[in-house]
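Participant: A single structure is presented below for examination.
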Amino acid sequence: MMGQFDKSALPVAIIGGGPVGLAAAAHLLKKGEKFIILEAGDSVGSSMLEWGHVRMFSPLQYNIDKAAKELLEKTGWTSPDEEALPTGRELVEEYLLPLSNLPEMKEQIMLRAKVVGVAKKAHDKLKTGKRDTNPFQLYVEVNGDTKVMEAKAVIDSSGTWSNPNPILSNGIWTNAERKLHNQIHYGIPNVVQLENRYQNKSIMVIGSGHSAINALLELATLQQKFTDTKIYWVLRKKQINEVYGGQENDGLEARGKLGIRIQQLVESGRINILTPFHINGVYPTNDKIAVVGELDGEEFTLSDIDEIVVSTGFRPDTSFLNEIRINLDSAVESIEALAPLIDPNIHSCGTVRPHGEQELRHPEKNFYIVGMKSYGRAPTFLLATGYEQVRSVVAYLTGDVEGAKEVQLELPETGVCSVNPASSCRDSDAPATKSKDGSCCGSPVPVRLEIKNNSCCE
């Protein structure tokens, strides 16, 4: 399936050494295929370590790839408690690091290796010629030098963590925001470690997802110790209760508790709610930040902010793929075939629909974007979904076409994802069925789907 050049001479290049990238390597090892992992960070799972203090919602058993687990168990590795909810750091230390240290894996991992360009040998994007039969070339920055590596296929699992969305509600980056980078944190700050930064400050948290809620709860704990700490929460929701989720009815207990805790915090009056607030500018002013926008349709400015936490999601970086023929949806920025299955405008509960190699194909033969990056700007990705993606892709690349088509997905029960879960099962371009709890599942490909207690929402 990989073309006419010598398949045995070149590896499959995997961009990104996170859980999905390492899972791809495990499946390639199982098939006896050569590979190289190119990780830009200092360690495998480097992005995950940046939110290593945050506990995951789903039990460990759903965050470990089956092929990787088989490799580890052959060495005597014993899985930690599979029912436990690991933090990001625990998943790296207890799973990814042991996996990466297997001799057959470790020899093929390059750390501090940043991919800055991918192309087909002797072909720019415009040239067709013998494109499909030529190998890929990857330009990789290592220790200040640029190396050129060839590969017979490329699996981009580089994620989106290093490319956050900006503060402005319209998604535009401004120089003013960039200049304020020392007062802005993107993602979920480790408030315990950054106590000196946030104590007795005026802090604005922007976002309505679980990342924002986690940040707010940690800041509220800090506020109990340092009572002059002032917290603002900026959302774009018409009603604050839209973010509380299923609470006691949520099949993922930890996520349900998060909704309960944030509702209690809101009702305590200890944080200032600004919603719906659409921000159109941020500006430095006397060592503070002025935030300008429209609050419930009226012009509004808050000019005494010391720190901002931006938890508004992430977007894929495709700048190093400019010479590769890829096909992305104009809105979601996932591959076009996948977009209707994950578009957050349609799937308010983050419905996970089974999909594999067929949906992930780009016009560039043997090039795939997998993992969080494959979802574009959609925030509804599950690690179990990424593991199934790479299983299917590797099956196809190694000639198992039927195995690639039979998507195998096992997900935990996740229960209610929004305050109105039935509304999340809307019409889309893919066939959908409702499970017993009212959630939506569906796929345009043959599926072997196992969903614990008949639920498939993230």
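The values are calculated or read from the model by the stated rules, or taken from the named source; none is laboratory data. Since this is a predicted model, take the numbers as computed values, not measurements. Ideal geometry is used to build each Cβ from the backbone, glycine not excepted, and the neighbour counts take in all protein chains shown. The area values use the complete protein model at the heavy-atom level, side chains included, leaving out ligands, DNA and RNA. Shrake-Rupley method; radii C 1.70, N 1.55, O 1.52, S 1.80 Å.
Participant: Please determine, by comparing only the residues of the range 288-308 that are farther than 13 Å from GLN183 by Cβ and of a type in the set (Gly, Ala, Ser), which one is surrounded by the fewest Cβ atoms within 10 Å (Cβ to Cβ).
Facilitator: Here the answer is GLY297.
Participant: Considering only residues that are touching a Ser or Thr at 6+ places or on another chain (Cβ under 8 Å) and among the acidic types (Asp, Glu), look in the range 225-253 and name the one that is modelled with the highest pLDDT.
Facilitator: GLU242
Participant: Out of the residues in the range 264-287 that are without any contact (Cβ under 8 Å) to a residue 60 or more places away in the chain and part of a strand (DSSP E or B), state the one that is least open to solvent (accessible area, probe 1.4 Å).
Facilitator: This residue is PHE277.
Participant: Residues being among the charged types (D, E, K, R), surrounded by 24 or more Cβ atoms within 10 Å (Cβ to Cβ) and in a loop (DSSP other than H, G, I, E, B): count how many of those fall in the range 370-402.
Facilitator: Of the residues in the range 370-402, 0 are among the charged types (D, E, K, R), surrounded by 24 or more Cβ atoms within 10 Å (Cβ to Cβ) and in a loop (DSSP other than H, G, I, E, B).
Participant: Can you tell me how many residues within the range 187-209 are touching a residue at least 60 places away in the same chain (Cβ under 8 Å), farther than 27 Å from TYR368 by Cβ and either in contact with an Asp or Glu (Cβ under 9 Å, 6 or more places away or on another chain) or buried (at least 18 other Cβ atoms within 10 Å of the Cβ) (or both)?
Facilitator: Of the residues in the range 187-209, 13 are touching a residue at least 60 places away in the same chain (Cβ under 8 Å), farther than 27 Å from TYR368 by Cβ and either in contact with an Asp or Glu (Cβ under 9 Å, 6 or more places away or on another chain) or buried (at least 18 other Cβ atoms within 10 Å of the Cβ) (or both).
Participant: Hey, any hits in the range 137-153 for a residue that's part of a helix (DSSP H, G or I), in contact with a helix residue (DSSP H, G or I) (Cβ under 9 Å, 6 or more places away or on another chain) and not polar (S, T, N, Q)?
Facilitator: no
Participant: Let me ask something else. Just to be sure, is LEU126 aliphatic (A, V, I, L, M), over 22 Å from the mean Cα position of the chain (by Cα) and open to solvent by less than 10 Å² (accessible area, probe 1.4 Å)?
Facilitator: No, not satisfied.
Participant: Further, regarding this structure: Any chance you could count how many residues in the range 66-94 are touching a residue at least 40 places away in the same chain (Cβ under 8 Å) and closer than 15 Å to LEU22 by Cβ?
Facilitator: So the answer is 8.
Participant: Residues that are closer than 25 Å to LEU222 by Cα, assigned to a loop (DSSP other than H, G, I, E, B) and out of contact with any strand residue (DSSP E or B) (no Cβ under 6 Å at 6 or more places or on another chain): does the range 288-309 have at least one?
Facilitator: no
Participant: Right, here's the next one. Checking GLY16 against (1) closer than 27 Å to GLY399 by Cβ; (2) open to solvent by 20 Å² or more (accessible area, probe 1.4 Å); (3) touching a residue at least 40 places away in the same chain (Cβ under 8 Å); (4) of a type outside the set (Phe, Trp, Tyr), only one condition comes out false. Which one?
Facilitator: GLY16 satisfies all of (1) closer than 27 Å to GLY399 by Cβ; (2) open to solvent by 20 Å² or more (accessible area, probe 1.4 Å); (3) touching a residue at least 40 places away in the same chain (Cβ under 8 Å); (4) of a type outside the set (Phe, Trp, Tyr) except (2).
Participant: Right, next: Of everything in the range 196-226, what is within 17 Å of THR312 (Cα to Cα) and of a type in the set (Gly, Ala, Ser)? Give them in sequence order.
Facilitator: GLY207, SER208, GLY209, SER211, ALA212, ALA215
Residues checked against (1) surrounded by fewer than 23 Cβ atoms within 10 Å (Cβ to Cβ); (2) at pLDDT 95 or above:
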residue	(1), (2)
LYS365	yes, yes
TYR368	no, yes
ALA404	yes, no
SER418	yes, no
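Participant: Counting just the residues of the range 87-109 that are touching a Phe, Trp or Tyr at 6+ places or on another chain (Cβ under 7 Å) and open to solvent by 20 Å² or more (accessible area, probe 1.4 Å), which one comes out nearest to ASP145 (Cα to Cα)?
Facilitator: GLN108
Participant: Is it the case that GLY256 is surrounded by 14 or more Cβ atoms within 10 Å (Cβ to Cβ), assigned to a loop (DSSP other than H, G, I, E, B), under 29 Å from the mean Cα position of the chain (by Cα) and at pLDDT below 90?
Facilitator: Here the answer is no, as GLY256 does not meet what is asked.
Participant: Among the residues of the range 110-120, what is the count of those that are surrounded by fewer than 21 Cβ atoms within 10 Å (Cβ to Cβ) and either hydrophobic (A, V, I, L, M, F, W, C) or modelled with pLDDT under 95 (or both)?
Facilitator: So the answer is 4.
Participant: Give ALA84, ALA26 a once-over and let me know the one that is open to solvent by less than 30 Å² (accessible area, probe 1.4 Å), more than 21 Å from TRP161 (Cα to Cα) and of a type in the set (Gly, Ala, Ser).
Facilitator: Sole residue among the options that is open to solvent by less than 30 Å² (accessible area, probe 1.4 Å), more than 21 Å from TRP161 (Cα to Cα) and of a type in the set (Gly, Ala, Ser): ALA26.
Participant: Is it the case, given these coordinates, that GLY313 is at positive phi, open to solvent by 40 Å² or more (accessible area, probe 1.4 Å) and among the small types (Gly, Ala, Ser)?
Facilitator: Here the answer is no, as GLY313 does not meet what is asked.
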